[in-house]
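*Asks:* Dropping a structure here in C-alpha cells format, bear with me for questions.
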Amino acid sequence: MKRFFYSIASLLLFIGCNSSVKNETIYFGGQIKNPKDDTVYILKNDSKIAQAKLSQEHKFMFKLDSLTPGLYKFKHGEEYQYIYLEKKDSLLIRLNTWDFDGSLVFSGKGANRNNFLIQLFLENEQEEKQYYNFFKLNEKEFLSKIDSFTKLKENQFKIFKKNTTKQSSNFNDLIKSIIYLPIYANKEEYPLYYKKHYNSDKLPKLSSNYYNHRNIINKNTNHFKDYYTYNSYLWSNIYNTAFYQIEKDTLSELSAVLLTQISKIIKDVDIKNNMLQQTYINSLFDSSCSDVDKEKTKSIFYKNCNNVKKKEKVTNILSVINTLKKHSKLPEFYLKTIQDNTVNSNSLIGSNMVIYFWPKELNRIQNMAKRVNFLVKKYPKIRFIGIDGQLSNYNWKAYAKANDLDLSNQFQFVEHNKNIFYTNDYPRAIVIDKEGFIQSNFTFISHGNFEKELLSIKNNTVKSLITNK
C-alpha cells in the first residue's frame, strides 16, 4: 500500500514540477480495501462519464483531460461519495468499503477541499439524528438549536479559508449550500413533525419571518442539483407547502397536491421531471388512493413531465401493474425451486402470502432480506415467498443461503414468465389471500404502508396475523 502511494505521489509530483506547459489534466486514483467489484466510476448528475478498472492489487487511476471543474460522484459497488475536481488536481484516496464514508481520506493536490467536504458530510449525518428531538421544541427553542449548528459550521469554514489557499467561488458556494441547506430543510420540516408529535389538528403558527430563508434559495439552479442537501431542501419545501395547502382544502389528495406544487414551483426542467416521476411512482404504492384520485395524479404527471424516457418508464410500470388486477385470481406461472425443480404457482395457494421480487444490487438484497426476516417473525401466519428474476442461478442460491432465508420459500422465474410481473427498478410485492385472490397488486415491503396491506388480507384479523407480544 505504502509503495503504491509513494510511487503515484512521485509521479504526480513530477507532473506538477513539469507543468510549465498548459497541462490542465486531472489525476484521481487510489486503492480500495475489501472491494465490492472491479470498477470505479465517476458520475455527473447520476450519469457515468468515466470508469477505471481495479488492478489485482485493487488500485485504480483516472487521467481526466477535459473535465469541467465542479462537483462529481465517484462510485464503487453500490456506494458513492462526492468529490470536487478542479484543473491540475492530483488526488489520491484511501478507502475501506467496510466503512465507506468514515474511512475515506484524500491526499495530494485538491485534498484539503475534499477532506473538508467529507468532514461536513459526516457532521451533517450526525446532526440529522438530533433533529427528531428538536422537532418537539417550541419555535424559539428550535431556532436556538439550529442557530448553534449554523455558527459552528460558519466558524469551521472561516478556519478552513484561513488555513488553505484561495478556493474558487464555485467551491465556496457549494460549501455554503452544505452548511445552510440542511438547516433550511429542517426548518421546512419542523411544523410537520411538530404537528405529528403533538397529534395536533393544525400546523403550528410561526413567526412572520420564519420562512425568510426562502428568499435567498434559488430552487432552479443546476450547479449543485446532484448534491443531496440541495435535493433534500427542495423535497422538504415542497412537502411543507403541500401540507399547508391540504390544511386549507381537506378534500385534496397529497400526491396530486405534491405534483401540482412541483409543477408550479420548480422551473429547472431536469429537477422538475425527476421530482414528478418520483412522486407519481410513490403514489402507486398507496392502495388507499381512490380510482378517481389515481386518474387525477396520472393526468397531472403526464401533463407536466416533458421527459420522454421518464414517461416511458412510468408507462412500463403501469403496464406491469395492470397485468395483475386487484381482486383477480393469481394467474398460473412456473417457478424453479432451490433444488432446481419446476413448480406450478397453483401449488403455492392455500395460505395468505406475500410474493416479493428480488432486486439485483447487493446492498438492496441485504436490506430486503433483513426486512423479510423481520416480517416473517412478526406475521408467522403469512407466507413470504421470494422470487428472483435477475441474478444468475449461482448468485440467487448463494444470497438466499447467506441471508438466513427459508429456502422452501425461495424461487426463481422460469425465464418466459418473469416479464408478466417484473420491473427492474421497482421490485414490487403482491399480497394474496389464501384463496389465491390478489389483495394488493403493487406494493413494496419497505414502504410505510406495507403492513396495512398485510392487515387487509381477507378472512384474517389483526389479532390472528400479528405475533402475540
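*Asks:* Given N residues in segment 122-322, what is its alpha carbon radius of gyration divided by 2.2 N^0.38 Å? Show your work: numbers first, answer last.
*Replies:* On the way: Rg = 19.0 Å, N = 201, 2.2 N^0.38 = 16.5 Å.
Segment 122-322 yields a ratio of 1.15.
*Asks:* Express in whole angstrom the spacing between the alpha-carbon centres of segment 29-50 and segment 64-96.
*Replies:* If we compute the Cα centre of each part, the gap is 9 Å.
*Asks:* With 10 angstrom as the radius, rank Cys305, Cys289 by how many other C-beta atoms surround their C-beta, starting from the fewest.
*Replies:* Working: Cys305 22, Cys289 17.
Neighbour counts put them in this order, fewest first: Cys289, Cys305.
*Asks:* Mind checking the angle between helix 269-283 and the chain's longest principal axis? C-alpha axes, 0 to 90 degrees, to the nearest 10.
*Replies:* Between the helix axis and the principal axis of the chain, the angle is about 30 degrees.
*Asks:* Would you list which lysines come within 27 Å of Lys151, measuring only between C-alpha atoms, while excluding same-chain residues fewer than 8 positions from it?
*Replies:* Lys129, Lys136, Lys140, Lys161, Lys162, Lys166, Lys176, Lys187, Lys205, Lys219, Lys225
*Asks:* Mind scanning Lys53/Lys88; Lys294/Lys452; Lys53/Lys370; Lys36/Lys313 and naming the pairs with a C-alpha gap bigger than 27 Å?
*Replies:* On the way: Lys53/Lys88 22 Å; Lys294/Lys452 19 Å; Lys53/Lys370 31 Å; Lys36/Lys313 29 Å.
Long pairs (Cα-Cα over 27 Å): Lys53/Lys370; Lys36/Lys313.
*Asks:* Hey, how many Å between the Cα centroid of segment 339-386 and the Cα centroid of segment 237-251?
*Replies:* Between the Cα centres of segment 339-386 and segment 237-251 lies a distance of 37 Å.
*Asks:* Below 8 Å, C-alpha to C-alpha, sequence gap of six or more: please give me the relative contact order for the chain in percent. Walk me through the numbers before you get to the answer.
*Replies:* Values: 623 pairs, mean separation 44.8, N = 469.
Over the chain, the number comes to 10 percent.
*Asks:* How would Tyr82, Tyr190 line up from fewest to most surrounding beta-carbon atoms within 10 angstrom?
*Replies:* Details: Tyr82 18, Tyr190 24.
Going from least to most buried by this count: Tyr82, Tyr190.
*Asks:* Can you give the convex hull volume of the alpha carbon atoms of the chain per residue, in Å³?
*Replies:* On the way: hull volume 86.1 nm³, N = 469.
Here the figure is 184 Å³ per residue.
*Asks:* With Cβ to Cβ distances under 15 Å as the rule, what net charge do the other residues near Leu206 carry (K, R +1; D, E -1)? Don't jump to the answer; show the numbers that get you there.
*Replies:* Numbers: positive: Lys140, Lys187, Lys195, Lys202, Lys205, Arg214; negative: Glu139, Glu141, Glu188, Glu189, Glu247.
Within the 15 Å Cβ shell, the charges total +1.
*Asks:* What is the helix-to-structure angle for 362-378, meaning the angle in degrees between its Cα long axis and the longest Cα principal axis of the chain, kept from 0 to 90 and rounded to the nearest 10?
*Replies:* Approximately 40 degrees, to the nearest ten.
*Asks:* Does segment 226-316 classify as rounded, prolate or oblate by the C-alpha gyration tensor (a ≥ b ≥ c root eigenvalues; a/c under 1.5 gives rounded; else a/b over b/c gives prolate, otherwise oblate)?
*Replies:* Working: a/c = 1.79, a/b = 1.08, b/c = 1.65.
Oblate.
*Asks:* Sorted by packing (mean other beta-carbon atoms within 10 Å per residue), highest first, where do 340-346, 262-268, 160-166 land? Could the numbers behind the result be given before it?
*Replies:* Numbers: 340-346: 12.0, 262-268: 17.0, 160-166: 10.4.
In decreasing order of mean packing, 340-346, 262-268, 160-166 become 262-268, 340-346, 160-166.
Read the figures in this text as sums done on the coordinates, not as results from a lab. The shown structure was predicted, so the numbers you read here are calculated from the model rather than taken from an experiment. Quick reminder, even Gly has a Cβ in these numbers, built from the backbone with ideal geometry, and neighbours come from all protein chains shown.
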